[in-house]
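Worksheet: the structure to be examined is printed underneath.
The values are calculated or read from the model by the stated rules, or taken from the named source; none is laboratory data. Owing to the predicted nature of the structure, the values given are computational and were not obtained by experimental measurement. Cβ coordinates were reconstructed from backbone atoms using ideal geometry, including for glycine residues, and neighbour counts include every protein chain displayed. Side chains are part of the model used for accessible areas, which takes the heavy atoms of the whole protein and leaves out ligands, DNA and RNA. Shrake-Rupley method; radii C 1.70, N 1.55, O 1.52, S 1.80 Å.
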Amino acid sequence: MMKPKKVSQIPPSDWPTDKEWKAIEKDLLKTIPSLILPINASPVDRIKYDLCEQFVRYCIAKNINQRKLAIKLGIGEARVSEIVHYRYQRFTIDKLVKLLSIIKPSIKLKVA
């Protein structure tokens with residue numbers, strides 16, 4: 001039988017302090033978490049998820065925030081927030097493709 005390893009109760013020196021952790025947690029409570037794709041997601045949800053991912057990749061590649069993306073797409077920031085946080089339930093595939101074609105006019109989509 002193996003002996004369990006002892007785990008140190010002292011965090012590494014480069015870890016945040018308790019005060020810093022509390023500040024981080026407070027900031028996280030103000031943010032909107034991104035949704036993950038469930039294992040049993042429908043094909044439609046998988047397509048929408050993949051389309052939303054394209055917007056996130058665009059923002060990262062172009063180093064732009066949601067506000068700038070909203071202006072470029074001609075929609076409200078709240079709607080852009082829904083897209084980049086994978087909250088696609090209020091969008092149709094058609095709408096997401098139409099918006100994506102604004103920022104990536106030469107994009108080609110394939111359905112396998």
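At-a-glance table
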read-out: Flag for Tyr86 being assigned to a loop (DSSP other than H, G, I, E, B) and surrounded by 10 or more Cβ atoms within 10 Å (Cβ to Cβ); value: yes
read-out: Condition broken by Trp15, with the remaining ones in (1) without any contact (Cβ under 8 Å) to a residue 12 or more places away in the chain; (2) in contact with a Leu (Cβ under 6 Å, 6 or more places away or on another chain); (3) aromatic (Phe, Trp, Tyr) satisfied; value: (2)
read-out: Per-region count, region 34-66, residues of a type outside the set (Asp, Glu), in a helix (DSSP H, G or I) and either open to solvent by less than 50 Å² (accessible area, probe 1.4 Å) or under 20 Å from Pro105 (Cα atoms) (or both); value: 15
read-out: Of all residues making up region 68-106, the number that are under 15 Å from the mean Cα position of the chain (by Cα) and free of Cβ contacts under 8 Å to residues at least 12 places away in the same chain; value: 5
